[in-house]
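A.B. asks: Supplied in structure tokens, the structure appears directly below.
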Protein chains: 2
Amino acid sequence: MPERIYNFSAGPSMLPLPVLKKAQAEFVNYADSGMSLFEMSHRGKIYDAVHNDAVRLTHEVYGIPTDTHQILFIQGGATLQFAMIPMSFLGQGKFAEYVTTGTWSQKALKDAQLIGDAREIATGKAENFMAIPKKFTVNPSAEYLHITTNNTIKGTEWHKLPDAGKVPIFADMSSDFLSRRVDWAKIGLAYGGVQKNLAPAGMALVIIRKDVLAKASQTVPAYLRYDLHAGENSLYNTPPVFPIYMMKLVLEWVKEVGGLEQMDKWAQQRSDLLYNAIDASGGYYKGPCAKEDRSRMNICWRLPTEELEAKFIAEASKKQLSGLKGHRSVGGCRASVYNAMPIEGVQALVKFMEEFKKANPA
Amino acid sequence: MPERIYNFSAGPSMLPLPVLKKAQAEFVNYADSGMSLFEMSHRGKIYDAVHNDAVRLTHEVYGIPTDTHQILFIQGGATLQFAMIPMSFLGQGKFAEYVTTGTWSQKALKDAQLIGDAREIATGKAENFMAIPKKFTVNPSAEYLHITTNNTIKGTEWHKLPDAGKVPIFADMSSDFLSRRVDWAKIGLAYGGVQKNLAPAGMALVIIRKDVLAKASQTVPAYLRYDLHAGENSLYNTPPVFPIYMMKLVLEWVKEVGGLEQMDKWAQQRSDLLYNAIDASGGYYKGPCAKEDRSRMNICWRLPTEELEAKFIAEASKKQLSGLKGHRSVGGCRASVYNAMPIEGVQALVKFMEEFKKANPA
């Protein structure tokens, strides 16, 4: 194997190579302290600086106003947020509305319905989630409207936040975090696992609007209380030091290479390259999703037969193009192209798609 | 600063140096895969081997029978377990009994009382938790008896599991994990943050007896369901790869240096050295805890005045003896000596204690 391959996995996924090298260099003895960062008290000055840098850089790089929103790091990934949200906001007499656009939004809804009054007001289920439903009206009395901004498995994405009036949008952004500018005023709570666009696995990044935070239940158990995490700057208990530290390094890298605008540009370039290759293949490669809702993060396509799909994935893997198998629930191929995927990786994949098509006519 | 200092922090805390060096060496390109371990799919073969090794080694090194108990890795530390336990086991008509021996057991009880019928049947509160209460009878109808086996802040430890009859013991073992042989038959559920004796911060290790697992609620949200984590071998959602991997390396190291028996021996040696230094100081150093309940993990002591304590901590720190300040709620000094603390570190501390006493008479 060469030193470095292109990894198109849906998550965990590629990290910037300079970040990996920096973390490696300072792994055993951090900042000349005689200790690894992972051995230090989380109440000490050295860790404190890392933690606060991660918070500050998230605000800065992602354009999140500090006066209206707070950043939290909470273990358990998006999955624990599926539970914390209804436990915190769906008390007696309250209700929320959910739009389902795939597996993850269905899971979020299921957990919410175990806890309180969570209503599915629109779903793409009838079209096998190949399009984002857009015809719905949000009840102005709802506590929140829940959406999943990008659907990792099906390959669709909300390219614009829906109109929810004054109802705060709660959004699972696990798979398109930090890939475009967000109108934070509309976001009551954004959350997601960090293991795609931001850092190695091990926590959720939560971005919560302060008026929403003020309404969170204080009578649920401690770890499930947003107010406790917020009041202690995500240090209520021992934090997941590794993903926080790595996210700080990733954010420094993002800043250095051009910030959020550059992430947005690259996301457009990567997905344009791949969708053009699909659309220009004369039907050899077929994208199953509605064109207007195609994800910029997870590009899905089919080949003429399942045998050809298996061959495609196996041969790509030999050319250092790894992780191209679609999710087991949908089959086909999928290229997940998050922030750290170099354009060169996508170009290599496009070149391989052209070669494979020529060598394996339908 | 020298390359390596002795870090007596209460957690996160020291990791074995060979483990840190190994993790550093394979950080960027794991197993010649062209990727970091932290970039790989958690459904792939390479991560799978790491994950299964961590599970297997936990059973093997800790002597946990595979036929009766299952190992789980769950994010959120011990704090999320405080919530998951009552949510899973304290449904309508059920009750549990708690013995409180300090801050952490009080927190566990508080969360449980928010959820269901959790009864405090004994507490060391009247003695400021300086001793473990042992006079209590466990109601045979209780779902479980909850204890905290070691009290990081106060410096006490259960040296023997209490008699709970047939009631399964649920134990927070965060701060004395893997330091002695455990009679697993008595343990219904053991849990704890891994960041003291086992790995860097970022998850709880949960050891659950299969008959207890079968009783866990299946109507709580997904992340809070023991049965889902168990059914998917802790891969229901993306796992916290870094602490799992590091724990695997730590367990390999434990095996190599002599296994659980060696951990037990070293724990005895470290704590004997320190308690002997305290007891032989003619009252200059005073251990506040009942002698029979003194912790082998967290050794606490006072000096004649708070000024001398501050001076002691500051001077020790200059001699590469770090993290000796007692918890802010109790003051004084505390040496946390977990599995990765070399005997040499404790010897250096004892030597310093003798020198300091001579140089600073009361």
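A.B. asks: Give the order of A:Lys291, B:Lys186 when sorted by the count of other beta carbons within 10 angstrom, beginning with the fewest.
C.D. replies: Ordered from fewest to most neighbouring Cβ atoms within 10 Å, A:Lys291, B:Lys186 come out as A:Lys291, B:Lys186.
A.B. asks: 7 Å along Cα→Cβ for the label point: how many nanometres lie between A:Glu232 and each equivalent label in the other copies, listed shortest first?
C.D. replies: 2.7
A.B. asks: Sticking with this structure for a sec: Quick check for me: using +1 on Lys/Arg Cβ and -1 on Asp/Glu Cβ, what's the dipole size of chain A about its Cα centre, in debye to the nearest 20?
C.D. replies: In total the dipole reaches around 600 debye.
A.B. asks: Which longest uninterrupted range of chain A lacks any GluC sites (Glu not before Pro) assigned by DSSP to a loop state (not H, G, I, E or B) and surrounded by at most 14 other Cβ atoms within 10 Å?
C.D. replies: A:4-231
A.B. asks: When the Karplus curve 6.51 cos²θ - 1.76 cosθ + 1.60 is applied with θ = phi - 60°, which whole-Hz ³J(HN,Hα) does each residue of the range B:189-200 get, with x for Gly and Pro?
C.D. replies: Residue by residue, the range B:189-200 yields 7, 10, 8, x, x, 8, 7, 10, 9, 10, 5, x Hz.
A.B. asks: Modelled label-to-label distance, A:Lys21 and B:Ala314, 7 Å Cα→beta-carbon offset: nm?
C.D. replies: My value for the distance between the label points is 4.3 nm.
A.B. asks: To continue, here is another question. Dipole of chain A (Lys/Arg Cβ +1, Asp/Glu Cβ -1, origin at the Cα centre): which of A:Ala164, A:Leu274, A:Pro200 lies farthest to the positive side?
C.D. replies: Value: A:Leu274.
A.B. asks: For chain B, give the share of DSSP beta bridges that are antiparallel, in percent and rounded to the nearest 5; count only bridges with both residues there.
C.D. replies: 55
A.B. asks: Take each of the peptides A:243-251, A:17-25, average the number of other beta-carbon atoms within 10 Å over its residues, and list them starting from the highest.
C.D. replies: A:243-251, A:17-25
A.B. asks: Using the basic label-point model (7 angstrom from Cα toward the beta carbon), what is the A:Lys110 to B:Asn233 distance in nanometres?
C.D. replies: Roughly 2.1 nm, to one decimal.
A.B. asks: Determine the shielding of peptide B:74-84 by partner chains: average, over its residues, the number of Cβ atoms on other chains within 10 angstrom of each Cβ.
C.D. replies: The per-residue average across the peptide is 6.
A.B. asks: Moving to a separate point now. Looking only at other chains, what is the average number of their beta-carbon atoms within 10 angstrom of each beta-carbon in B:300-313?
C.D. replies: 0
A.B. asks: Within a 10 angstrom radius of the beta carbon, how do B:Arg328, A:Arg270, A:Arg294, A:Arg119 rank from fewest other beta carbons to most?
C.D. replies: Arranged by neighbour count, lowest to highest, B:Arg328, A:Arg270, A:Arg294, A:Arg119 become B:Arg328, A:Arg119, A:Arg294, A:Arg270.
A.B. asks: Only four residue types carry charge here, +1 at the Cβ of Lys and Arg and -1 at the Cβ of Asp and Glu. Report the dipole size of the protein assembly as shown about the Cα centre in Debye, rounded to the nearest 20.
C.D. replies: Dipole magnitude for the protein assembly as shown comes out near 260 debye.
A.B. asks: How many percent of DSSP beta bridges within the protein assembly as shown run antiparallel, rounded to 5?
C.D. replies: Roughly 55 percent of the beta bridges in the protein assembly as shown run antiparallel, per DSSP.
A.B. asks: Output, in nm with one decimal and in ascending order, the distances from the A:Gly258 label point to the matching label points of the other copies (7 Å from Cα along Cα-to-Cβ).
C.D. replies: 5.9
A.B. asks: How far, in nm to one decimal, is B:Arg56 from itself in the other copies if the label point is set 7 angstrom along Cα toward Cβ? Shortest first, please.
C.D. replies: Going from nearest to farthest copy, the values are 4.6 nm.
A.B. asks: Please compute, for peptide B:11-22, the average count of beta-carbon atoms on other protein chains lying within 10 Å of each residue's beta-carbon.
C.D. replies: Across B:11-22, the average partner-chain Cβ count within 10 Å equals 4.
A.B. asks: Find which of A:Pro221, A:Phe136, A:Tyr30 sits farthest along the positive direction of the dipole of chain A, computed with +1 on the beta-carbon of Lys and Arg, -1 on that of Asp and Glu, about the Cα centre.
C.D. replies: Checking the options against the dipole of chain A, the answer is A:Phe136.
A.B. asks: Shifting gears a bit: In deg cm²/dmol, rounded to 500, what helix-only [θ] at 222 nm does chain A give when every DSSP H run of at least 4 residues adds -39500 (n - 2.57) and the total is split over its residues?
C.D. replies: Estimated from H runs of four or more residues: -11500 deg cm²/dmol.
A.B. asks: Mind putting a number on the dipole of the range A:259-359 about its Cα centre? Charges go on the C-beta only, +1 for Lys and Arg and -1 for Asp and Glu, and I need it in Debye to the nearest 20.
C.D. replies: 240
Laboratory data are not the source of any read-out in this text; all were calculated from the coordinates shown. Everything numeric here is computed off the predicted structure, so don't read it as measured data. Neighbour counts run over all protein chains shown; Cβ positions are idealised from the backbone, glycine included.
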